[in-house]
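No value in this document is a laboratory result; all are computed from the given coordinates. Since the structure is predicted, the reported quantities are computational estimates derived from the model, not experimental observations. Cβ atoms come from the backbone with ideal geometry, glycine included; neighbour counts cover every protein chain shown.
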Amino acid sequence: MPGVEHALCNAHHLRELKALFEIEQEDWARRMQTLLRRACHVEHPSRDQERAPDQRLVGLMGRRYDAIPRDEGPRACVASGIAFHEGLPALPKTLKKDGTPRAGRAKRRVGHNLAQRLGGHKAAALRFLTNPDVPFTNNQAERDGRMMKLKQKISGCFRSVQGANDFVVIRTFIGTAKKQGWGGIQSLMRDPNDLIKKLQAA
């Protein structure tokens, strides 16, 4: 899809970084976790007040994220994470049944993969600081899709395509009503044209 901006979910990043710090004792992961939490605190008040975040703070977060200026080097999270893993001995290659190493790229540790991903997708990880329409996490999108998964697990999917389509329309409508602060039952009983006019007015 051309012209689409991608954003990564930082709730997932925070969980992965917490595991790396608590289990693997990787200090760069603790610093990256702290940095993302602080960036979230910079963005949230701005979102509540419907204004852009302080660009000086956004710039500082970006510098500490990687290793752009020299004076931020010791605190640059991604660069120190990659340097830490490149200083470790390489993991042994997976062997075939005959005992010879498998061809392909050398295996990397979980922390190394995460540091590489965060470094290569900095813009997507920090999209919430530059685009006010992008939240810090994708939790809302996952919550919106959870009811469909719940329906599949409990009822064993749908008996017809029409039934699935009807379910999606009703759940989407109820979800929209909740986000707009309308009552779900009351909204179902109202004239749809009135609701459309109300949305357009907003």
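Descriptive notes on the structure:
- Between 0 and 90°, nearest 10: helix 55-65 axis offset from the chain longest Cα axis: 50
- Per-residue Cβ neighbour counts within 10 Å put S155, S187 in the sequence S155, S187, beginning with the fewest.
- Per residue, the average separation of C-alpha pairs within less than 8 Å and at least 6 apart gives the stretch 67-202 a relative contact order of 12 percent.
- When the chain is reduced to its Cα atoms, the Kirkwood hydrodynamic radius in Å: 20.8
- Neighbour-count order for H13, H44, fewest beta carbons within 10 angstrom listed first: H44, H13
- Cross-link pairs beyond the 32 Å C-alpha cut-off, checked among K18/K153; K153/K198; K122/K179; K18/K93; K107/K153; K151/K179: K153/K198; K107/K153
- Among L199, L126, a tally of other beta-carbon atoms within 10 Å of each Cβ gives an order, fewest to most, of L199, L126.
- About the Cα centre, charge dipole magnitude for the chain (Lys/Arg +1, Asp/Glu -1 at Cβ), debye: 640
- Angle between the chain longest axis and helix 192-201 axis [Cα atoms, degrees, rounded to 10]: 50
- Structure-based [θ]222 nm, the chain - -39500 (n - 2.57) summed over DSSP H runs of at least 4, per residue, nearest 500: -19500 deg cm²/dmol
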